[in-house]
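In what follows, a single structure is set out as structure tokens and then discussed.
Coordinate-derived values only; no laboratory data. Everything numeric here is computed off the predicted structure, so don't read it as measured data. Here the Cβ is made from the backbone with ideal geometry for all residues, glycine too, and neighbour counts use every protein chain on show.
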Amino acid sequence: MTRWIVLAVLAAVGATLLITWPEVKEETGPQKAASLYGFRCKAPCAYGPSYVAYRASKLFATDVKPGAWEDKPLNPTPSIGAIADFGDGHVAFVEDVLSSGAIEISELSERTLTRRTVTLDDGWPRGFRLVGARPAPGPDDGTPPTGDLSDI
């Protein structure tokens, strides 16, 4: 008998929660970037370049300004923390190098934060701009690469 009473109470509480539960809007672009990475875009803001500069700054513990990488040479080889340059101001942050022909990038627009895989056959950037030291090959020990970024 006690079991049935407990089940009835739990059912009533569950139903009440479902009815009164506040509607939570799904996070989009800047809100999602803020909650995942701490990125906040202050006006004026070019979402993609500002986001990429923020991610590079955090990785390399420096202050990279949006667009400051434009004088850096395009490199054909991706590395974690590099800026994937698609041309026409479209940039993304290289999160991971999966193989010689596949990378995982994150990119931000006004409406969406996307983390996706691109391959040589599908959406490969025109090159990569290195703003910090290229990470040494080998197992990831969780520490960010270091390097002199004073010229950025």
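Of the GluC sites (Glu not before Pro) in the stretch 62-104, the ones in a loop by DSSP (not H, G, I, E or B) with at most 13 other beta carbons within 10 Å are Glu70. Backbone amide hydrogens, once placed in the peptide plane, bring Phe39 within less than 5 Å of Ala34, excluding anything fewer than 5 places away on its chain.
List the trypsin sites (Lys or Arg not before Pro) in the stretch 18-116 that DSSP assigns to loop (not H, G, I, E or B) and whose Cβ has at most 14 other Cβ atoms within 10 Å. Which are they? It would help to have the intermediate numbers written out before the result.
Working: sites: Lys25, Lys32, Arg40, Lys42, Arg55, Lys58, Arg111, Arg115, Arg116; in loops: Lys25, Arg40, Lys42, Arg111.
In loop regions of the stretch 18-116 (DSSP not H, G, I, E or B), the sparsely surrounded trypsin sites (Lys or Arg not before Pro) are Lys25, Arg40, Lys42, Arg111.
Looking only at the stretch 38-67, which residues have a backbone nitrogen under 17 Å from a spot 7 Å from the Cα of Thr114 in the C-beta direction? It comes to 47-52, nothing else.
Counting other Cβ atoms within 10 Å, keep those with at most 15, restrict to DSSP loop, and tell me which chymotrypsin sites (Phe, Trp or Tyr not before Pro) in the stretch 25-107 are left. The partial results should precede the final answer.
Numbers: sites: Tyr37, Phe39, Tyr47, Tyr51, Tyr54, Phe60, Trp69, Phe86, Phe93; in loops: Phe39, Trp69.
Within the stretch 25-107, no chymotrypsin sites (Phe, Trp or Tyr not before Pro) qualify (loop, at most 15 other Cβ atoms within 10 Å).
Over all other residues within a Cβ to Cβ distance under 12 Å of Arg55, the charged ones net out to 0, with Lys and Arg as +1 and Asp and Glu as -1.
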